[in-house]
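Comments concern the structure below.
The values are calculated or read from the model by the stated rules, or taken from the named source; none is laboratory data. Predicted model, so just to flag it, every value in this text is computed and none were measured. As a convention, Cβ positions derive from the backbone with ideal geometry for all residues, glycine included, and neighbour counts pool all protein chains shown. Surface accessibility is based on the protein's heavy atoms, side chains included, excluding ligands, DNA and RNA. Shrake-Rupley method; radii C 1.70, N 1.55, O 1.52, S 1.80 Å.
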Amino acid sequence: MDMEIEEGKELRLNFEKLAQVVACGRNLVPVVVQEVESGEVLLVAYANQAALDNTLRTKRATFWSTSRNELWVKGATSGDVLAVVEIRVNCEQNSLLYRVTLRGIGACHTRDETGAARRSCYYRRLVDGSLEHV
């Protein structure tokens with residue numbers, strides 16, 4: 001991944017992401033992942049029926065990786081598991097909310113200055129047109 005996108009201060013939103021999701025050829029819904037205790041949003045990902053079925057069966061957050069084109073069980077390689085406490089469905093039944101307990105250090109694939117996984121993918125805020133770490 002481009003380090004400027006993950007660590008930089010320049011806003012470079014990927015407005016093509018949904019087109020890329022469609023291009024992967026899978027039927028998917030967005031999944032917002034929220035930590036139960038704090039209410040913090042940890043990440044947004046996508047799920048197909050197989051990912052949802054695996055999540056329901058294992059109680060571990062499972063997604064469809066649009067970049068690798070395969071099921072992605074969060075924590076399978078990092079050890080930072082998202083234990084699913086509850087799954088909510090929105091009013092139009094076109095997105096999911098996984099309410100989870102984070103078992104590990106962080107939910108994000110990026111690392112902070114100490115080398116530890118970031119707790120959330122939302123580690124920067126937009127201020128006056130630039131990004132700053134929070």
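Please give the helix 49-58 orientation as an angle from the longest Cα principal axis of the chain, in degrees from 0 to 90, rounded to the nearest 10.
With both axes taken from Cα atoms, the answer is about 80 degrees.
Largest first, what is the accessible-area ranking of T101, T110 with a 1.4 Å probe?
The ordering from most to least exposed comes out as T101, T110.
Which order do the peptides 90-98, 58-66, 118-126 come out in when sorted by mean C-beta neighbours inside 10 angstrom, highest first?
So the peptides 90-98, 58-66, 118-126, ranked by packing, come out 58-66, 118-126, 90-98.
Quick one: pull the percentage of alpha-carbon pairs in the chain with a separation above 25 Å.
Cα-Cα pairs in the chain separated by more than 25 Å: 28 percent.
Kindly write out, for the stretch 87-95 in residue order, the coupling ³J(HN,Hα) from the Karplus curve 6.51 cos²θ - 1.76 cosθ + 1.60 (θ = phi - 60°), rounded to whole Hz, with x marking Gly and Pro.
10, 10, 10, 6, 4, 8, 6, 10, 7
Tally Lys/Arg at +1 and Asp/Glu at -1 over every other residue whose Cβ is under 12 Å from the Cβ of P30; what's the total?
0
For the stretch 120-132, what does the Karplus curve 6.51 cos²θ - 1.76 cosθ + 1.60, with θ = phi - 60°, yield as ³J(HN,Hα) per residue in whole Hz, taken in order and with x for Gly and Pro?
Computed from phi, the couplings for the stretch 120-132 are 10, 6, 9, 9, 10, 10, 8, 9, 6, x, 10, 9, 9 Hz.
So what is the calculated 222 nm ellipticity per residue for the chain, using -39500 (n - 2.57) for each DSSP H run with n of 4 or more, over all residues, to the nearest 500 deg cm²/dmol?
-4000 deg cm²/dmol
Return the long-range amide H neighbours of V73 (sequence gap of 5 or more, or a different chain), with a cut-off of under 5 Å between placed amide H atoms.
Correct list: F63.
Mind running the shape call on the stretch 58-134? Use the C-alpha gyration tensor, a ≥ b ≥ c as the square roots of the eigenvalues: rounded below 1.5 for a/c, prolate if a/b tops b/c, oblate otherwise.
oblate
Between H133 and I105, what length comes free when the chain is fully extended (0.36 nm per residue of separation minus the Cα-Cα distance, one decimal in nm)?
8.3 nm
Select from the stretch 1-74 those GluC sites (Glu not before Pro) which occupy a DSSP coil region and have at most 15 other Cβ atoms within 10 Å, ordered by residue number.
Counting only loop positions with at most 15 other Cβ atoms within 10 Å, the GluC sites (Glu not before Pro) in the stretch 1-74 are E16, E37, E40.
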